[in-house]
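> Supplied in structure tokens, the structure appears directly below.
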Amino acid sequence: MCTRKKLCNIRGFSEAKVDKIKEACAKVDTAGFLTALQVSDRRKQVFRLSTGSQELNKLLGGGIESMAITEVFGEFRTGKTQLSHTLCVSAQMPGENGYMGGKVIFLDTEHTFRPDRLRSIADRFNLDQSAVLDNVLYARAYTSEHQYELLDYVAAKFHEEAGVFKLLIIDSVMALFRVDFSGRGELADRQQKLAQLLSRLQKISEEYNVAVFITNQMTADPGATLMFQADPKKPIGGNILAHASTTRIALKKGRGETRIAKIYDSPDLPESEATFAITVGGIADAKD
């Protein structure tokens, strides 16, 4: 779906030509309403990816959901990147309800992707290391514009190999926006660009039935101390990111290698917490 304004900006596309294109599209696709029963039938295609921890899976209603954007945020060392690496492996394994596994695309904005980490996680699940690494497509994004442009390649890849890819990871979604846009003077432009990126991610997840997993950073909230809030930190991205993410998970540090995950926002999951651990083999259940 594309706006009339965007089509008119394409060289060689006059307003009359755009009108004809829209008329032709309207004949092919009615773009009408669906009944709730039809939507329910479509939702039966949704699958869930294991996080490596049974407790965390239970918190998420079975795992990371497809046709949705799942966002995890927290301070450094809370397990965001570790969870991303574990999902790279678990997404390739057969799961519940007939899920057969598939390939993964990893967009790295912070240079935190480590192939050797995937090897140790693959060993935990008795998988061939080379096969696991071969099923993960990796791209390094250097600017927020580059990050957006890489989604064109992602969509093309999903289209070429329909049904093969099951997971798209962006670690992290906001890092480059913090670099490219600074100060309140550029905040509106930053949020508009971010909204366009997230809208694209939503369309990709729904059209190709893939799970989109994004990590996010935290920032200090100056007004939190005045409001006597217990935690003066909040996820960055503002309301744009908050509304675009289907499920938001807050991570915080526990004792030793344990971490605590909390449902921060979700359309169908209750607010609850789960404890997991970071191990040599990736994310796993915490030992009592």
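The values are calculated or read from the model by the stated rules, or taken from the named source; none is laboratory data. Owing to the predicted nature of the structure, the values given are computational and were not obtained by experimental measurement. Don't worry about glycine lacking a Cβ; one is built from the backbone with ideal geometry, like all the others, and counts go over all protein chains shown. Just so you know, the surface numbers come from the protein's heavy atoms only, side chains and all, with ligands and any DNA or RNA stripped out. Shrake-Rupley method; radii C 1.70, N 1.55, O 1.52, S 1.80 Å.
> Which of the residues belonging to region 25-65 are part of a helix (DSSP H, G or I) and closer than 30 Å to residue 123 by Cβ?
Passing the criteria: 54, 55, 56, 57, 58, 59.
> Report, ordered by the first and then the second residue, all pairs with beta carbons closer than 6 Å, sequence separation of six or more or different chains, a first member in region 112-124 that is surrounded by 15 or more Cβ atoms within 10 Å (Cβ to Cβ) and of a type in the set (Lys, Arg), and a second member that is modelled with pLDDT of 95 or more and part of a helix (DSSP H, G or I).
Close Cβ pairs satisfying both conditions: 117/85; 119/129.
Residue-by-condition table, conditions (1) of a type in the set (D, E, K, R); (2) under 12 Å from residue 56 (Cα atoms); (3) at pLDDT 90 or above; (4) in contact with a strand residue (DSSP E or B) (Cβ under 8 Å, 6 or more places away or on another chain):
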{"site": "229", "(1), (2), (3), (4)": "no, no, no, no"}
{"site": "232", "(1), (2), (3), (4)": "no, no, no, yes"}
{"site": "249", "(1), (2), (3), (4)": "no, yes, yes, yes"}
{"site": "260", "(1), (2), (3), (4)": "no, yes, yes, yes"}
{"site": "263", "(1), (2), (3), (4)": "no, yes, yes, yes"}
{"site": "277", "(1), (2), (3), (4)": "no, yes, yes, yes"}
{"site": "280", "(1), (2), (3), (4)": "no, no, yes, no"}
{"site": "283", "(1), (2), (3), (4)": "no, yes, yes, yes"}
{"site": "286", "(1), (2), (3), (4)": "no, yes, yes, yes"}
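> Answer yes or no as to whether residue 237 is touching a helix residue (DSSP H, G or I) at 6+ places or on another chain (Cβ under 6 Å), at positive phi and either open to solvent by less than 40 Å² (accessible area, probe 1.4 Å) or among the acidic types (Asp, Glu) (or both). Give the derivation first.
Numbers: touching a helix residue (DSSP H, G or I) at 6+ places or on another chain (Cβ under 6 Å): no; at positive phi: yes; either open to solvent by less than 40 Å² (accessible area, probe 1.4 Å) or among the acidic types (Asp, Glu) (or both): yes.
No.
> Sticking with this one: Is region 30-46 home to any residue that is touching a strand residue (DSSP E or B) at 6+ places or on another chain (Cβ under 8 Å) and either of a type in the set (D, E, K, R) or at pLDDT below 95 (or both)?
Taking region 30-46 first, the residues touching a strand residue (DSSP E or B) at 6+ places or on another chain (Cβ under 8 Å) are 46.
Okay, now just the ones that are also either of a type in the set (D, E, K, R) or at pLDDT below 95 (or both), so 46.
Checking region 30-46: at least one residue is touching a strand residue (DSSP E or B) at 6+ places or on another chain (Cβ under 8 Å) and either of a type in the set (D, E, K, R) or at pLDDT below 95 (or both).
> Would you check if residue 201 is at pLDDT 95 or above, open to solvent by less than 70 Å² (accessible area, probe 1.4 Å) and out of contact with any Gly (no Cβ under 7 Å at 6 or more places or on another chain)? Show your work before the answer.
Values: at pLDDT 95 or above: yes; open to solvent by less than 70 Å² (accessible area, probe 1.4 Å): yes; out of contact with any Gly (no Cβ under 7 Å at 6 or more places or on another chain): yes.
Yes: the conditions hold for residue 201.
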